[in-house]
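Structure first, commentary second.
The values are calculated or read from the model by the stated rules, or taken from the named source; none is laboratory data. As the structure is a prediction and not an experimental result, all values here were calculated from the model. Cβ atoms come from the backbone with ideal geometry, glycine included; neighbour counts cover every protein chain shown.
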Amino acid sequence: MAVQISPSILSADFARLADEAAAVPTADWLHVDVMDNHFVPNLTLGLPVVEALRKATSLPLDCHLMIENPDRWAPPYAEAGAGSVTIHAEAAGAPVRTLRQIRSLGARAGLALNPATAVEPYEDLLGEVDMLLLMTVEPGFGGQKFLDLVLPKIRRARDLIERHGGEIWLQVDGGVTSGTIERCAEAGADVFVAGSAVYGAGDPSAAVEALRAQATAAAHLSGGHRDRR
């Protein structure tokens with residue numbers, strides 16, 4: 001599949017979210033980090049803001065739930081119009097049921113793993129997901145430095161996905177910049193969450209296009225499974 005860029009509004013101006021969404025028309029998704037100050041040590045936005053954003057932008061919303069009890073809260077995000085809803089494996093009590101509920105409500109279902117969480121134990125869940133998200137920083141705050149130790153896990157995840165078959169996207173989130181995106185693409189990622197690299201740029205839309213070009217070139221050079229559509 002083609003490379004996709006999902007700018008994270010965690011790095012945007014929360015007082016101007018509609019304008020910030022409009023500033024990235026070249027993006028494929030708008031990444032919305034939902035944090036509850038329990039699963040992660042930060043509190044961001046929740047369902048009412050997602051509902052408001054859905055009305056303010058034509059970009060599909062990529063909701064990443066870094067919260068306790070995602071089994072309870074994930075379906076309402078799909079009902080609110082999110083195009084993709086991702087839950088954390090570490091927090092979900094009934095991941096199969098929740099992932100199926102997300103799909104039944106018309107959204108793509110994602111499963112996220114923290115940096116220290118191995119991907120192999122979740123191979124049997126690949127049939128239940130549309131996207132696997134690998135955190136490349138410890139979740140909770142934007143602007144962190146990319147963790148190179150996750151690169152081998154990206155490669156292993158890509159191998160598992162290729163062995164499983166189907167069209168499962170492999171997303172990376174955390175520290176994705178012009179200096180790290182090529183390594184992620186070479187390792188096998190095809191969906192990239194970028195916060196400060198986009199919203200910290202003078203022209204966020206141009207930054208999205210530049211990141212996409214870098215990742216696409218790196219994927220092709222690495223022999224690109226992502227050339228398939």
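At-a-glance table
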| item | result |
| --- | --- |
| Residue in segment 167-178 that is at pLDDT below 95, farther than 22 Å from Pro152 by Cβ, touching a His at 6+ places or on another chain (Cβ under 9 Å) and not basic (Lys, Arg) present | no |
| Residue match in segment 194-207 (condition: free of Cβ contacts under 8 Å to residues at least 60 places away in the same chain, touching a Cys at 6+ places or on another chain (Cβ under 8 Å) and within 23 Å of Leu61 (Cβ to Cβ)) | no |
| First in segment 167-184 and touching a residue at least 60 places away in the same chain (Cβ under 8 Å), second anywhere and assigned to a strand (DSSP E or B) and surrounded by fewer than 24 Cβ atoms within 10 Å (Cβ to Cβ), Cβ under 6 Å, 6 or more apart | Trp169/Met131; Gln171/Met131 |
| Qualifying positions in segment 62-79 - buried (at least 21 other Cβ atoms within 10 Å of the Cβ) and not hydrophobic (A, V, I, L, M, F, W, C) | Asp62, His64, Pro70, Tyr77 |
| Hits in segment 184-211 (condition: within 17 Å of the chain's Cα centre (by Cα), assigned to a helix (DSSP H, G or I) and surrounded by 20 or more Cβ atoms within 10 Å (Cβ to Cβ)) | Cys184, Ala185, Ala187, Ala197, Val198, Tyr199, Val208, Leu211 |
| Which listed residue, of Ala210, Ala189, is small (Gly, Ala, Ser) and within 20 Å of Cys63 (Cβ to Cβ) | Ala189 |
| Residue list for segment 143-168, restricted to those being in contact with a Ser or Thr (Cβ under 6 Å, 6 or more places away or on another chain) and under 20 Å from Glu90 (Cβ atoms) | Leu147, Val150 |
